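First the structure, in the form of structure tokens, and then the observations on it.
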Amino acid sequence: MPSTLPTRHGSPWRPRPVPRVLSVAGSDPSGGAGIQADLKAIAAAGGYGMAALTALTAQSTRGVSAVHVPPPSFLAAQLDTLRADVALDGIKVGMLASSAVADVVTRWLDDGAGVDGPPVVVDPVMVATSGDRLLDRAAEDAVRRLLDRADVVTPNVPELAVLLGTPAATTWTGVLGQAARLAARHDVLVVAKGGHLPGDEVPDALVGPGGVVAELPGRRVPTTSTHGTGCSLSSGLVTRYARHGEWERALRETKAWLTDAVVAGTALEVGSGCGPVDHFWALRGVLVESP
């Protein structure tokens, strides 16, 4: 049965065996994150992936050296052209490089989503692995406005703090408390993630306006193949939800798949920095041993 958790879509939306999922995000030429990771994660989850580009990056496993943001009007043209032809069963929103870009996505969702539109998962890309803020204050405010159009938000610990305008939590209890505050503020579900906290335990949780809906334990994988895990989680999550209509089940399935993808990523031997996960480990018949 479909989940009864908060959602923006109504009766016209139905799960599909092969959902048509759109990623609205930036490009990573190394293939580990952004649009490239999203399309792989959507395919691995059994969906048909599409992409509207918000930004181009010069990027490798060692980091980002340059970013080019096309005119927001071109993003609007991508989105409007796609909507005129293809019915969407799920939408993932990732990197939004400026307030103008975020506002284009917000207006587009308002024009065609509402209560009748597909589920929307927002991965608020706001803080780099180094801890540097990626957006100016105006863009951060635009992303906060976008959250009111989402069903689920998937921030990491620093991004959760930015969205709330508070210092980052240092304990799992603190992360869950901040996630509940964000969920109540925007009437969304929040995926609380423990990956930025110290220690070997890496829990995740689905948190609603009333508190924790489900908590998923996990162990830290000793690897550097973690590039694009946030992108892959959010796009895999919306795809699995679009297949069966249950957020908790979708998160459990996506976490299990992603853990194995992280374990298998080392064998890809891509780059000399933070390498990608192996989205298609199951397709290649790779057997992984979870920690």
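The peptide list 37-48, 247-258, put in order of mean Cβ contacts within 10 Å with the highest first, becomes 37-48, 247-258.
Using a probe of 1.4 Å, the accessible surface attributed to Ser60 totals some 50 Å² when neighbouring protein chains are kept in position.
Given Cβ point charges of +1 (Lys, Arg) and -1 (Asp, Glu) and nothing else, what value in debye, to the nearest 20, does the dipole of the range 80-182 about its Cα centre take? Don't skip to the answer; put the middle values down first.
Values: 9 positive and 15 negative charges, 73 e Å.
Here the range 80-182 has a charge dipole of around 340 debye.
Which of Gly165, Gly26, Gly218 moves most in a GNM of the chain, Cα contacts under 10 Å? Result: Gly165 has the largest fluctuation of those listed. One Cα centroid belongs to the range 152-192, the other to the range 62-124; the line between them spans 22 Å.
On the chain, 56 percent of the accessible area sits on carbon and sulfur atoms, based on a 1.4 Å probe.
Note that the chain presents 43 Å² accessible area per residue, ligands and nucleic acids not counted, probe 1.4 Å. A simple charge model with +1 on the Cβ of Lys and Arg, -1 on the Cβ of Asp and Glu and nothing else charged puts the dipole of the range 180-248 at about 180 debye relative to its Cα centre.
Ranking Ala44, Ala264, Trp13 by Cα position along the charge dipole of the chain, where only Lys, Arg, Asp and Glu carry charges on their C-beta atoms, puts Trp13 farthest toward the positive end.
When peptides 189-198, 208-217, 228-237 are sorted by average Cβ neighbour count within 10 Å, with the highest value leading, the order is 228-237, 189-198, 208-217.
Above 36 angstrom, tally the Cα pairs of the chain and express them as a % of all pairs, no decimals. If you can, show how the numbers build up before the last one.
Numbers: 2975 of 42195 pairs.
More than 36 Å apart: 7 percent of the Cα pairs in the chain.
Placing +1 on the Cβ of every Lys and Arg and -1 on the Cβ of every Asp and Glu, with no other charges, gives the chain a dipole of roughly 200 debye about its Cα centre. Taking the charge dipole of the chain about its Cα centre, with +1 at Lys and Arg Cβ atoms and -1 at Asp and Glu Cβ atoms, the residue from Leu79, Gly210, Pro29 reaching farthest to the positive side is Gly210.
For the range 136-255, the Kirkwood hydrodynamic radius comes to 14.6 Å, computed from all pairs of different C-alpha atoms. Counting only protein chain heavy atoms and rolling a 1.4 Å probe, the accessible areas of Phe74, Phe280 rank, largest first, as Phe74, Phe280.
The values are calculated or read from the model by the stated rules, or taken from the named source; none is laboratory data. These numbers come from a predicted model, not from an experiment. A quick note on method: Cβ atoms are made from the backbone with ideal geometry, for glycine too, and the neighbour counts reach across all protein chains shown. When the accessible area is computed, the model is the full protein with side chains, heavy atoms only, and any ligands, DNA or RNA have been set aside. Shrake-Rupley method; radii C 1.70, N 1.55, O 1.52, S 1.80 Å.
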